[in-house]
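One structure is given here, and the rest of the page talks about it.
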Amino acid sequence: MFLSSFENKLDKKGRVSVPATFRSYLNSMGYNGFISYPSFNHQALEACSQDRIEKITNSIDSLNPFEEKRDYFATSILSESESLQFDTEGRVSLSEKHLNHAKIKNNLLFVGLGKTFQIWEPRNFEKFKSLARKKAYQNRSNLKWENKQKGELS
């Protein structure tokens with residue numbers, strides 16, 4: 001899983017070192033990189049493995065091919081996606097378009113979200129994290145998990 005948060009700095013060529021735990025998780029799934037696209041929920045970049053983007057694509061493809069919302073999702077996610085490969089030092093090069101979307105200039109924050117991760121400008125993430133904590137607290141009763149022994153929700 002992608003867990004925790006890691007702050008790294010862009011080098012002069014726009015490359016950034018991907019956290020070792022993120023690289024190792026992707027490598028364990030057979031990938032030498034990840035897919036990135038601009039979030040339409042935040043000024044951040046969404047990042048995931050190839051199999052995750054394929055699931056998103058299948059979900060988009062399940063919509064009626066003549067519905068506008070299918071085109072909206074495909075355009076917003078797939079047409080903006082970039083496949084980023086690790087170099088020999090575990091770095092990736094982020095495009096200017098993606099950096100501009102996330103308002104990243106020097107430092108960036110890799111934020112683990114379980115099966116996916118996001119890339120943020122650190123100060124923008126701190127603002128969002130405060131809001132997220134408040135909302136999570138307000139909605140904490142919605143978080144449930146299955147009790148494997150009894151087959152019921154706890």
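Computed from the coordinates by the stated procedures, all read-outs in this text should not be read as laboratory data. For clarity, every value in this text was computed on a predicted model and none was experimentally measured. Backbone-built Cβ (ideal geometry, glycine too); neighbour counts: all protein chains shown.
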Query raised in the report: Taking Lys97 as the anchor, which aspartates and glutamates have their alpha carbon closer than 17 Å to its alpha carbon, excluding any fewer than eight residues away along the same chain?
Result: Asp11, Glu46, Glu80, Glu82, Glu121
Requested in this report: Multiply the residue separation of Lys129 and Lys55 by 0.36 nm, subtract the distance between their alpha-carbon atoms, and state the gained length in nm to one decimal.
Outcome: 23.9 nm
Requested in this report: Counting other beta carbons within 10 Å of each Cβ, put Arg23, Arg15 in order, fewest first.
Outcome: Arg15, Arg23
**Report entry** Relative exposure of Phe22, Phe6, judged by other C-beta atoms within 10 Å (fewest first)
**Finding:** Phe6, Phe22
Requested in this report: Determine, for Tyr72, Tyr37, the number of other Cβ atoms within 10 Å of each Cβ, and report the residues in order from fewest to most.
Outcome: Tyr72, Tyr37
Query raised in the report: Rounded to the nearest 0.05, what FRET efficiency do Leu78 and Phe6 have when you use their Cβ-Cβ distance and R0 = 30 Å?
Result: 0.65
**Report entry** With at most 11 neighbouring Cβ atoms within 10 Å, loop GluC sites (Glu not before Pro) (DSSP) excluded, longest segment of the chain
**Finding:** 1-66
Report summary line: So Lys103 and Gln85, fully extended at 0.36 nm per residue minus their Cα-Cα distance, gain in nm 4.3 nm
Query raised in the report: What label, among (i) 57, 32, 12; (ii) 24, 17, 16; (iii) 26, 22, 18, belongs to semi-axes √(5λ) of the Cα gyration tensor in Å computed from the structure on display?
Result: (iii)
Report summary line: With 0.36 nm assigned to each residue of separation and the Cα-Cα distance removed, Leu63 to Trp145 gains 26.6 nm
